[in-house]
Structure formats: structure tokens, C-alpha cells
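Asker: Handing you a structure now.
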Amino acid sequence: MKIIQALLLSISLSFAAHASMEMTTVEPIKGQISIDVPKGFTLMSDDMLKRKYPSENRPKIVYTNESGTVNVAVNHTQMPLDDSKLDGLKDFMLESMKNYQPQAKEIMVDNKKAYILDFISRATDTDIHNLMLITPYNGTVLFVTFNTTKEEEANYLEAGKSSLMSIKFK
């Protein structure tokens, strides 16, 4: 009986943590885009960016928690994309990432059609839960990605979903 009570208390505390996660609004692209991120997140240092994203195609704007285990990355690319090509890009992304078994969900964010790709990737020491939003913005592809280690997922996944849905275009 005590085990069940402890389990129920743990679950209720987990739900309370989700409901009470404070968010703050940031402008990753000044005057153009705003997004809510968990309070306390800061811009990732260049050194940490290079370690976590070794490719030269790394995002330039990443908000992260203190330990770098939970991130919100914004990458406004130069790759052309208009509304009519979004479905094709989504299909291409799903095919190119099929080893991760991604799931795609069509959403509306600030009255713009977008897709969120949901998938698990592997880091050297843990699994990473990724939510990648793709949408056209000013004629090119905008990627906004939330990712969290499996260890932090229970604390941050709902906040990550809220973050992606909070995007505002100015």
C-alpha cells in the first residue's frame, strides 16, 4: 500500500511540475519572431554550441538549461520554401530520418501551417527526445527544435510542446 501511495504522490508531483513551469518570452530573431522558453534558459555559449552540434550547419540560436540537457534551437535557413512546398519538405524529412521512426503532426502556429516531427535520437550516453517544427518564414525554411534527454523528459517535454506552439511572427 505504501508503494502505491508513494507512486501516486510522485505522479501528482510530476503533473504539478508541468503545470507550474514558468515560461519567459524571448526574441531569437529580433523584431521578427518570439517564442516562450522555460524561465532560466539562456543562450548557449559558442563553445557549448560547437560541442553539442559539431556540424558546421549547427543552429546559431539555442536557448538551454544550465546543464545543457534541454534545448530550444532556432534556425532560419537560407533554403527557399513557400507554403506550397511545405508538405514536400515534410515528406523528404520523414524519409531522410526514417531510421529514427519520426512521426509528423500538422499544426497551426500563429495562423501559419507547420509540421512537428517527433523522434528519438541517440547521443553517446543517452536518448534524446526531439520535437522539430518546420514552417516557411519569409520565403525560407524555419526550423525550431526542442530537445531533451530522456532523464529530463518528464520535467520538460510538455514545456517544450508549449514552447513550439507559442511562436509568434511579427
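The values are calculated or read from the model by the stated rules, or taken from the named source; none is laboratory data. These numbers were taken from a predicted model, which means no experiment stands behind them. Note: ideal-geometry Cβ built from the backbone for every residue, glycine included; neighbour counts use all protein chains shown. Side chains are part of the model used for accessible areas, which takes the heavy atoms of the whole protein and leaves out ligands, DNA and RNA. Shrake-Rupley method; radii C 1.70, N 1.55, O 1.52, S 1.80 Å.
Asker: State yes or no: is THR25 within 16 Å of the chain's Cα centre (by Cα), open to solvent by 50 Å² or more (accessible area, probe 1.4 Å) and farther than 21 Å from THR149 by Cβ? Break it down stepwise before answering.
Answerer: Numbers: within 16 Å of the chain's Cα centre (by Cα): yes; open to solvent by 50 Å² or more (accessible area, probe 1.4 Å): yes; farther than 21 Å from THR149 by Cβ: yes.
So THR25 fits the description; yes.
Asker: Quick one: would you say ILE120 is in contact with a helix residue (DSSP H, G or I) (Cβ under 8 Å, 6 or more places away or on another chain) and more than 21 Å from ILE35 (Cα to Cα)?
Answerer: Working: in contact with a helix residue (DSSP H, G or I) (Cβ under 8 Å, 6 or more places away or on another chain): yes; more than 21 Å from ILE35 (Cα to Cα): yes.
Spelling it out, ILE120 is indeed in contact with a helix residue (DSSP H, G or I) (Cβ under 8 Å, 6 or more places away or on another chain) and more than 21 Å from ILE35 (Cα to Cα).
Asker: Of the residues ILE134, ILE120, only one is open to solvent by 50 Å² or more (accessible area, probe 1.4 Å), part of a strand (DSSP E or B), touching a strand residue (DSSP E or B) at 6+ places or on another chain (Cβ under 7 Å) and aliphatic (A, V, I, L, M); which?
Answerer: Sole residue among the options that is open to solvent by 50 Å² or more (accessible area, probe 1.4 Å), part of a strand (DSSP E or B), touching a strand residue (DSSP E or B) at 6+ places or on another chain (Cβ under 7 Å) and aliphatic (A, V, I, L, M): ILE120.
Asker: Would you mention how many residues in the range 70-90 are open to solvent by 40 Å² or more (accessible area, probe 1.4 Å) and either over 19 Å from the mean Cα position of the chain (by Cα) or hydroxyl-bearing (Ser, Thr, Tyr) (or both)?
Answerer: So the answer is 9.
Asker: Condition first: open to solvent by less than 20 Å² (accessible area, probe 1.4 Å), under 20 Å from THR140 (Cβ atoms) and either touching a residue at least 24 places away in the same chain (Cβ under 8 Å) or touching an Asp or Glu at 6+ places or on another chain (Cβ under 7 Å) (or both). Now tell me which residues in the range 29-69 satisfy that.
Answerer: Scanning the range 29-69 gives ILE33, SER34, ILE35, PRO59.
Asker: If MET108 satisfies all but one of (1) surrounded by 11 or more Cβ atoms within 10 Å (Cβ to Cβ); (2) assigned to a strand (DSSP E or B), what's the number of the condition it fails?
Answerer: The failed condition is (1).
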